[in-house]
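Report on the following structure.
Only the coordinates and a few stated rules stand behind these numbers; no lab work does. On a predicted model such as this, the values are computed, not experimentally measured, just so you know. Reconstructed Cβ throughout: ideal geometry from the backbone, glycine too, with neighbour counts over all protein chains shown.
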Amino acid sequence: MTFFFLSALLFSPAAAPIVGRPAPAFTAPSTDGTRVSLADQRGKWVVLYFYPKAFTPGCTAQACSLRDGFTQLKDSGAVIYGISFDKPETLQKFKAENKLPFELLSDGDKAIAKAYDAVALAGLAAARKTFIIDPEGRLAHVFTKVDTKSHDREVLEALTRLQGKKPS
């Protein structure tokens, strides 16, 4: 009985962050060699997307979709960060090979993914989820299902709606 109780504590999923509440704080190493902190992004719209593994087909499609829509997303006032459990060196190669104009963050200890309830495959990979955080640091929108090939358009539509703008 004790084993089952301890297993439930150790392996139960974290509570999902709630739209309208403060987004979980984080600091992580970035592909540009700095440490990125959510607190430092105050005043900006933040698109935080979790993906399972660099260099896999779906993750590459998702990253390239956000790359292709980067100018419009940036023009909407958003900064983009991709997060996986990959090592910083792997992320640097993934960023360079795919010419990504945004930073990737390494969540090697899985703390950020756990805080965002974005852990999959029994903790072996990040779940494919995207979070939009408003300029006050509150969670504004969550994508639990992502179309990897058109994710840029999904995110831009949500940002446009959240910012109260008319689509262009």
Could you please find all residues in the stretch 92-108 being out of contact with any helix residue (DSSP H, G or I) (no Cβ under 7 Å at 6 or more places or on another chain) and of a type outside the set (D, E, K, R)?
-> 92, 94, 96, 105, 108
Of residues in the stretch 148-168 being closer than 14 Å to residue 63 by Cα and touching a residue at least 40 places away in the same chain (Cβ under 8 Å), the one surrounded by the fewest Cβ atoms within 10 Å (Cβ to Cβ) = 149
Do we find a residue being exposed (fewer than 15 other Cβ atoms within 10 Å of the Cβ), more than 13 Å from the chain's Cα centre (by Cα), of a type in the set (Asp, Glu) and more than 18 Å from residue 69 (Cβ to Cβ) anywhere in the stretch 134-141?
-> yes
Quick one: how many residues across the stretch 21-69 are in a loop (DSSP other than H, G, I, E, B) and within 19 Å of residue 86 (Cα to Cα)?
-> 11
Please identify the pairs in which a residue from the stretch 32-60 that is without any contact (Cβ under 8 Å) to a residue 24 or more places away in the chain and closer than 22 Å to residue 159 by Cβ has its Cβ atom under 8 Å from the Cβ atom of a residue that is outside any helix (DSSP H, G or I) and β-branched (Val, Ile, Thr), counting only partners at least 6 apart or on another chain.
-> 37/27
Any residue in the stretch 105-114 that is free of Cβ contacts under 8 Å to residues at least 12 places away in the same chain and either closer than 21 Å to residue 44 by Cα or surrounded by fewer than 17 Cβ atoms within 10 Å (Cβ to Cβ) (or both)?
-> yes
Could you tell me which numbered condition residue 55 fails, if it satisfies all but one of (1) surrounded by 19 or more Cβ atoms within 10 Å (Cβ to Cβ); (2) under 21 Å from residue 127 (Cβ atoms); (3) out of contact with any His (no Cβ under 8 Å at 6 or more places or on another chain); (4) of a type outside the set (Gly, Ala, Ser)?
-> (1)
Is it fair to say residue 118 is under 12 Å from the mean Cα position of the chain (by Cα) and either surrounded by 15 or more Cβ atoms within 10 Å (Cβ to Cβ) or closer than 19 Å to residue 38 by Cα (or both)?
-> yes
Filter the stretch 89-118 for residues that are in contact with a Ser or Thr (Cβ under 8 Å, 6 or more places away or on another chain), of a type in the set (A, V, I, L, M) and closer than 14 Å to residue 131 by Cβ and give the result.
-> 105
Could you grab me the full set of residues in the stretch 77-91 that are surrounded by 18 or more Cβ atoms within 10 Å (Cβ to Cβ) and either touching a helix residue (DSSP H, G or I) at 6+ places or on another chain (Cβ under 8 Å) or within 27 Å of residue 165 (Cα to Cα) (or both)?
-> 78, 80, 81, 82, 83, 84, 85, 86
